[in-house]
1. Could you tell me whether any residue of the range B:42-60 is in contact (Cβ under 8 Å) with a residue 40 or more places away in the chain and of a type outside the set (Gly, Ala, Ser)?
2. Output the number of residues of the range A:62-71 satisfying the condition of being closer than 19 Å to A:GLU37 by Cα and part of a helix (DSSP H, G or I).
3. Would you tally the residues in the range A:73-87 being open to solvent by 60 Å² or more (accessible area, probe 1.4 Å), at pLDDT 95 or above and either over 25 Å from B:ILE9 (Cα atoms) or in contact with a strand residue (DSSP E or B) (Cβ under 6 Å, 6 or more places away or on another chain) (or both)?
4. Determine if the range B:38-61 includes at least one residue that is in a loop (DSSP other than H, G, I, E, B), open to solvent by 10 Å² or more (accessible area, probe 1.4 Å), within 14 Å of chain A (Cβ to nearest Cβ) and within 14 Å of B:GLY89 (Cα to Cα).
5. Need the failing condition index for B:ALA106 against (1) crowded, with 18+ Cβ neighbours inside 10 Å; (2) more than 19 Å from B:GLY25 (Cβ to Cβ); (3) touching a residue at least 40 places away in the same chain (Cβ under 8 Å), just the number.
6. Any residue in the range B:80-97 that is within 9 Å of chain A (Cβ to nearest Cβ), of a type in the set (A, V, I, L, M, F, W, C) and without any contact (Cβ under 8 Å) to a residue 12 or more places away in the chain?
7. If a residue has to be at pLDDT 95 or above and either in a loop (DSSP other than H, G, I, E, B) or open to solvent by 50 Å² or more (accessible area, probe 1.4 Å) (or both) to count, how many in the range A:16-37 make the cut?
8. Out of the range B:13-37, which residues are within 14 Å of chain A (Cβ to nearest Cβ) and free of Cβ contacts under 8 Å to residues at least 12 places away in the same chain?
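The values are calculated or read from the model by the stated rules, or taken from the named source; none is laboratory data. Values in this document were obtained by computation on a predicted structure and should not be read as measured data. FYI the Cβ positions are ideal-geometry reconstructions off the backbone, even for glycines, and counts take in every protein chain you see. These area figures cover heavy atoms from the full protein model, side chains too; ligands, DNA and RNA do not enter into them. Shrake-Rupley method; radii C 1.70, N 1.55, O 1.52, S 1.80 Å.
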2 protein chains.
Amino acid sequence: MPKKSAGFILRPRFRVERGQDIGLGPGKVELLELIRETGSIAEAAKRMEMSYMRAWTLVKTMEDCFREPLIQVARGGASHGGAHLTEVGEQVVALYRRLEQEASSATADTWRELQKLLRS
Amino acid sequence: MPKKSAGFILRPRFRVERGQDIGLGPGKVELLELIRETGSIAEAAKRMEMSYMRAWTLVKTMEDCFREPLIQVARGGASHGGAHLTEVGEQVVALYRRLEQEASSATADTWRELQKLLRS
């Protein structure tokens, strides 16, 4: 996604905000992807080096911002049972990654201009 | 720049990175713009509610990443004298803001799709 040159990369980072609330951003999307990959909020949290409570808080914040659940927690409820993304959760991840790709494509020329001003 | 709807906005935030170094990002660009506006690093720091030392460190980091100076400090040197953007500094700010505009335009359709999934 990020474009390399002279060691510098341009990283687009989108935030979906409402006042102080951040419904979605790079960290939350990474968390969703890791939940998909590991099938577990606890394991995803571990990979991101955050506490389970912190991960759960991020999930709750997302759930408050979206109309439908992004994550389905298996029986065992909110504790350390399995978890997977819902169809909407998959859509949200895909749309967010598409935003990044579109931004990278659209900014290619301007980034090249900026690169000329950077040290190699 | 950010697009509003249902209270949520999509905010593109670009980072120019090299390893751990961040040559440019939202905070540094805001600092440059405030230096331009106020003619003073100290005053720009105050507006951003950061220490003068912190602002000076951000400026130094940028100077290390770009080929030419972004800021010209008036006599009085590194202390609390006046400061203004060089021509290259102006270019850097303009290019960064253009990245954001291009990203916002390019992602409009995808953002609309994502909005449909957000609570109003």
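1. No, the range B:42-60 has no match at all.
2. Within the range A:62-71, the subset closer than 19 Å to A:GLU37 by Cα is A:62, A:69-71.
Checking which are part of a helix (DSSP H, G or I) leaves us with A:62.
Selection size over the range A:62-71: 1.
3. 0
4. no
5. Answer for B:ALA106: the failing condition is (3).
6. yes
7. Total satisfying the criteria: 4.
8. Scanning the range B:13-37 gives B:ARG15, B:GLU17, B:GLY19, B:GLN20.
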